[in-house]
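What follows is a set of notes on a single structure, which appears directly below.
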Amino acid sequence: MDMPADPAAPATPAPTSSDMSTTMMDQVDMSKTFTMTDKNFAIKMHTGNNYEIAAAQIALTKSSSAAVKAFAQQMITDHTSMDQLLMNAVRSIKPEHMVPGLLTPKQQLMLDRLNAATVDFDAEYKAQMIESHQETLDLLQMFIDSKYGNTVLKGVAQGAVPVVTMHLQMAQGLVL
């Protein structure tokens, strides 16, 4: 026979949907999941790497500065490597997932401005590199701090932070 509940005892609140989803997410192996957060991060990083490489290729042909050309070559090398790490991580988590690499309209506009620049090319390239690397650092930090990010992708993001930070510092230090 069940005993009636003690009316003086505090009531246990019923779990909310938020409590349940948090508990469920805590039990999921985040190295095996591929959430919308992961997909959005992968797309933004992939298109960002593609933009950096394309901008650097333009700089190699249009700049007359040895420092700018050396920086551009470093961008091609590092962003190609970071993109390969990213794509390998995505394939290890979700082999069938294809990450679109089309540039955003903003990135295409930035490349168009680089292609159109003449005597002010180096200044335009420097400004774009500072802006794009700051945006990339913000994206990396937001993803690293995300509760729902895949742990494998978070490792890629954490590894990219020092490289992108170095790129930002290099861009800021370019003497034109």
TODO: Give the number of residues within the stretch 73-103 that are closer than 21 Å to LYS126 by Cα and in a helix (DSSP H, G or I).
DONE: 9
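For (1) free of Cβ contacts under 8 Å to residues at least 60 places away in the same chain; (2) surrounded by 14 or more Cβ atoms within 10 Å (Cβ to Cβ); (3) in a helix (DSSP H, G or I), each residue gets a yes or a no:
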site	(1), (2), (3)
SER132	no, yes, yes
ASP138	yes, no, yes
LYS147	no, no, no
VAL152	no, yes, yes
VAL161	yes, yes, yes
THR165	yes, yes, yes
LEU168	yes, yes, yes
ALA171	no, yes, yes
LEU176	no, no, no
TODO: Under 8 Å between Cβ atoms, at least 6 apart or on separate chains: pull out the pairs that start in the stretch 42-61 with a residue that is free of Cβ contacts under 8 Å to residues at least 60 places away in the same chain and of a type in the set (S, T, N, Q) and end on any residue that is assigned to a helix (DSSP H, G or I) and surrounded by fewer than 19 Cβ atoms within 10 Å (Cβ to Cβ).
DONE: ASN49/THR80; GLN57/ILE76
Open item on the list: I'd like to know if the stretch 90-107 contains one or more residues that are of a type in the set (A, V, I, L, M), touching a Phe, Trp or Tyr at 6+ places or on another chain (Cβ under 6 Å), surrounded by fewer than 21 Cβ atoms within 10 Å (Cβ to Cβ) and on the phi < 0 side of the Ramachandran plot.
Closed with: yes
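The numbers here are math on the coordinates, done by the rules we state, and not lab data. Quantities reported herein were computed from a predicted structural model and do not represent experimental measurements. Virtual Cβ from ideal backbone geometry, glycine too; neighbours counted across all protein chains shown.
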